[in-house]
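Take a look at the structure set out below.
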Amino acid sequence: MSGKHDAGIPMETAGLQPVDIRAPRFFWLLQPWREGKLVTIDGWGRFAEISFRGANRIEIKQLVDFPRAKMDRQLITWPEAGLITSSTAERMHHLAAIDDKKTKSHIPLLTWRHIISAPVLLDPVEGLVGYCYSMRGNNISTTLLVYNYKEDKIVYESPEDFTISFRIAMNERYSLCGKRILNGRNIEAIRILYDWRTNEIIENDLTEAINRNGISLIIRPDRNIHLGKRILFGYSNILKKEVKITWNEEYSDINVTPLDYLVPRENRFDDFILSADGTWGATFISGYRGIYDERLYKRAFFHLDDRYPNGISMPVITEDFEDYQWDYSAFVKHPVHGMCFAQEWHKDRHQYLRLYKMDAVLEEINRQLLEAASEIAR
């Protein structure tokens, strides 16, 4: 297994050694939680919590005896609301409001004609979650159902001519959405800000930049967007590369930065995840091949800070190859190791929680910066 690399571009780092903690019992999928903890699914199909004991032990315990179901590969958390959700193949959504001690398994819209989007937290104070459904085929119709999990009732259903799909709530009023339009025989989506309570649509410099660059929006709360830092990572279908987008409080002063300068031409970034404080990022890097010509990937970490060009450090890349998966990993503050990136890992027929320490990543970034400065000074 090997990958070709251009000279001068920092790549695999032998000194970045992970901490592998053997799991005391089965867990599946990882998402961020609060107070240095992670959320997972245990062997009984329940929402569970991973916590740390010292430097090299973890504890896995159920948060709630729910949903006890065989779930799809979907797990979403909103730590600020104490909320966890997942789904099953029967189009059933499972939602657990841990703080409110409420659980709900329901099918908001029983349909096989629609594509189901991931739920969107619209209001953590009121307890509002949006479920979006898009028609299959050459039909631009969508359906939005707003569910109040605190009161256990649907409080809004979109009209028949609705064509908007939700991605993430940007603030207490507006959500970043896609509005479906029919262009000949093709369905296109333009990005807008939308207030579902008033039906108000806003297009501004941010939405214009997203549309102009053809940004594919795959958004989860912990993934490729950080609202506090006003950073969005996405793939530009126009530039054919991953880009970093920033904006100011008025959704103007937009900067779109292609990130291909950080890796060789045969590699590309994919599937960004950001830490809760917006100072760390992780992504897959594609472009590697195995001994049977299979596609392989590596993990890369970034420090996000204004001291770097374009606000992003050079990548620090792990040694181990990985198979591509729809990624469920998370940053977590470990009581001993500090900020870490956590992922499920398997070796020697055992399951582990693998941790990469961001202190070690930062040390490697600083080392490579010093080497680069020394080269320039010669």
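Every read-out reported here was derived from the displayed coordinates using simple, explicitly stated rules and does not represent laboratory data. Quick caveat, the model's predicted, so the values are computed rather than measured. Here the Cβ is made from the backbone with ideal geometry for all residues, glycine too, and neighbour counts use every protein chain on show.
For this structure, a couple of remarks:
- Cut-off 11 Å (backbone N to label point 7 Å along Cα→Cβ of Ser51), residues of segment 17-36: 35-36
- In terms of packing, defined here as the mean over residues of other Cβ atoms within 10 angstrom, the peptides 349-358, 311-320, 158-167, 106-115 line up highest first as 311-320, 349-358, 158-167, 106-115.
- FRET efficiency estimate (nearest 0.05) - Cβ-Cβ, Glu319 to Arg113, R0 56 angstrom: 0.75
- Calculated from the alpha-carbon coordinates, segment 292-378 shows an Rg and a Dmax of 15.7, 50 Å respectively.
- Candidate lysines for bridging to Lys244, where Cα separation is under 17 Å - those fewer than 8 sequence places away on the same chain excluded: Lys229
- Rg [Å, one decimal], Dmax [Å, integer] - the chain, C-alpha atoms: 21.4, 69
- Eligible lysines near Lys150 by straight Cα distance, threshold 22 Å, same-chain separation 8 or greater: Lys101, Lys102, Lys104
- Using 0.36 nm per residue and subtracting the Cα-Cα separation, the extra length available between Asp123 and Phe26 on full extension is 31.6 nm.
- What the Cβ-Cβ distance of Asp205 and Ser141 gives, at R0 = 30 Å and to the nearest 0.05, is a FRET efficiency of 0.55.
- Against the empirical 2.2 N^0.38 Å (N residues), segment 116-231 has a Cα radius of gyration ratio of 1.05.
- Working note: 222 nm ellipticity from helices only, DSSP H runs with n ≥ 4, each -39,500 (n - 2.57), summed and divided by the residues of the chain, gives -2500 deg cm²/dmol to the nearest 500.
- Per-selection metrics, segment 28-94 (Cα): Rg and Dmax in Å: 12.0, 41
- In summary, segment 212-378 shows an alpha-carbon radius of gyration equal to 1.07 times the 2.2 N^0.38 Å reference for compact globular proteins.
- Estimated at 0.36 nm per residue, the fully extended path between Lys229 and Gln368 surpasses their Cα-Cα distance by 47.5 nm.
- Proximal lysines relative to Lys298, as straight alpha-carbon distance under 19 Å, when same-chain residues fewer than 8 apart are discounted: Lys4, Lys241, Lys347, Lys357
- Approximate spin-label separation Asp348-Asn237, in nm, with each point projected 7 Å along Cα-to-Cβ: 4.7
- Net length available on complete extension from Ile190 to Asp270 is 26.6 nm, with 0.36 nm assigned per residue and the Cα-Cα distance removed.
- Cβ-derived FRET efficiency at R0 25 Å, Asn183 paired with Glu250, nearest 0.05: 0.25
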